[in-house]
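Quick notes on the structure that follows.
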Amino acid sequence: MKHIIEAKPLTTPAARLVEVDADSAGQRLDNFLIRELKGVPKTHVYRIIRSGEVRINKGRASADTRVEPGDVVRVPPVRISGNVAEKAERPAPAREFPILLEDDHLIALDKPAGVAVHGGSGVSFGVIEQLRQARPQAKFLELVHRLDRETSGILLVAKKRSALTHLQDQFRERETGKTYLALVTGAWPANKKVIDQPLHKYLQADGERRVRVTTADDPDGMRSITLVKLRNAVQKPDLPAMSLLEVTIKTGRTHQIRVHLASQGHPIVGDDKYGDFDLNKRLQKLGVKRMFLHAWRLQFTHPATGERTELRAELPPELTAFL
């Protein structure tokens with residue numbers, strides 16, 4: 001007896017044609033697709049661009065091509081594994097954050113420590129994903145800059161593409177003033193005001209990203225400038241001397257403040273990558289369970305009014321309590 005098994009024809013989903021709107025104007029093609037193909041790994045996005053499956057106005061394009069209003073982008077069907085799809089279906093929990101300033105162009109929020117600014121590298125979501133979930137009606141919300149997960153303080157989010165590019169240009173051209181408060185180990189010499197040392201990014205064997213101070217002749221070294229002002233000395237019973245510093249960065253390198261201060265023999269209290277691990281353990285018992293680094297003051301030119309704006313986020317309670 002023959003069993004005839006009828007195969008169902010495989011249906012391949014068709015490519016989508018997406019018209020670029022004004023809010024996406026000027027965005028790189030890779031970033032446009034990452035937003036369009038939620039949950040699809042970035043490596044896959046770059047693969048479909050390289051293969052020519054993605055087209056702008058019927059022509060091939062590269063990852064760094066800027067899309068313009070009215071452009072028609074061909075987005076091919078993308079197959080993703082079950083658990084990736086499940087992750088994409090599971091949205092970040094909606095959350096609002098303390099607001100320092102909000103208008104039609106931007107949001108300045110006070111980011112708590114321990115929250116990543118965006119998902120990726122072992123973190124499924126961050127501030128931006130949670131904010132988008134909390135504000136489903138918002139057409140456009142994008143991070144202007146980043147803060148380390150362990151760092152608290154001022155974070156800017158753009159509500160319009162024009163504000164994003166305007167503010168990012170200011171950060172790139174070093175026209176913003178970014179000052180942090182950092183508690184470091186040891187007595188900081190009051191006359192030590194400038195650290196001008198190149199930094200070199202590298203990966204450890206376990207894939208963890210690290211940064212170290214290098215020399216001027218290192219081809220992979222990036223010039224990095226940090227200004228330091230001693231605010232006050234901190235002395236606690238049975239603990240070594242510490243110093244509260246106002247730290248202004250002139251360049252925005254990965255882990256810049258942490259590595260520059262540690263290179264001077266004064267690591268940041270609570271820093272789990274470059275710090276004094278024995279002291280960190282002792283301080284955890286006294287309530288300092290995080291890195292003592294806070295984005296305290298930010299100065300920038302408002303993208304719509306052209307006015308110079310200064311924001312301040314006071315130290316969070318868990319840090320003031322220790323001081």
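The values are calculated or read from the model by the stated rules, or taken from the named source; none is laboratory data. Computed from a predicted structure; not experimentally measured. Neighbour counts are summed over all protein chains in view; Cβ atoms, including those assigned to glycine, are modelled from backbone coordinates with ideal geometry.
So if I check each of ARG231, ARG253, ARG212, which one is of a type outside the set (Gly, Ala, Ser), under 24 Å from GLN168 (Cα atoms) and in contact (Cβ under 8 Å) with a residue 40 or more places away in the chain?
ARG253
Quick one: is ARG210 under 25 Å from the mean Cα position of the chain (by Cα), of a type outside the set (Asp, Glu), closer than 19 Å to TYR180 by Cβ and modelled with pLDDT under 95?
no
Are any residues in segment 172-200 surrounded by fewer than 16 Cβ atoms within 10 Å (Cβ to Cβ) and basic (Lys, Arg), and if so, which ones?
ARG172, ARG174, LYS192, LYS193
Hey, VAL40 hits all of (1) surrounded by 12 or more Cβ atoms within 10 Å (Cβ to Cβ); (2) outside any helix (DSSP H, G or I); (3) at pLDDT 85 or above but one; which does it fall short on?
(3)
Just give me the residues in segment 14-37 being charged (D, E, K, R), touching a residue at least 24 places away in the same chain (Cβ under 8 Å) and assigned to a helix (DSSP H, G or I), in sequence order.
Those that are charged (D, E, K, R), touching a residue at least 24 places away in the same chain (Cβ under 8 Å) and assigned to a helix (DSSP H, G or I): ASP23, ASP30, GLU36.
Evaluate segment 253-261: report whether one residue or more is modelled with pLDDT under 95, surrounded by 13 or more Cβ atoms within 10 Å (Cβ to Cβ) and farther than 18 Å from PRO112 by Cα.
Among the residues of segment 253-261, at least one is modelled with pLDDT under 95, surrounded by 13 or more Cβ atoms within 10 Å (Cβ to Cβ) and farther than 18 Å from PRO112 by Cα, which makes the answer yes.
Of the residues that make up segment 119-127, is at least one touching a residue at least 40 places away in the same chain (Cβ under 8 Å) and either farther than 30 Å from PHE300 by Cβ or under 20 Å from the mean Cα position of the chain (by Cα) (or both)?
No, that holds for no residue.
Does GLU318 meet the test of being at pLDDT below 95, closer than 28 Å to ARG210 by Cβ, acidic (Asp, Glu) and surrounded by fewer than 21 Cβ atoms within 10 Å (Cβ to Cβ)?
Spelling it out, GLU318 is indeed at pLDDT below 95, closer than 28 Å to ARG210 by Cβ, acidic (Asp, Glu) and surrounded by fewer than 21 Cβ atoms within 10 Å (Cβ to Cβ).
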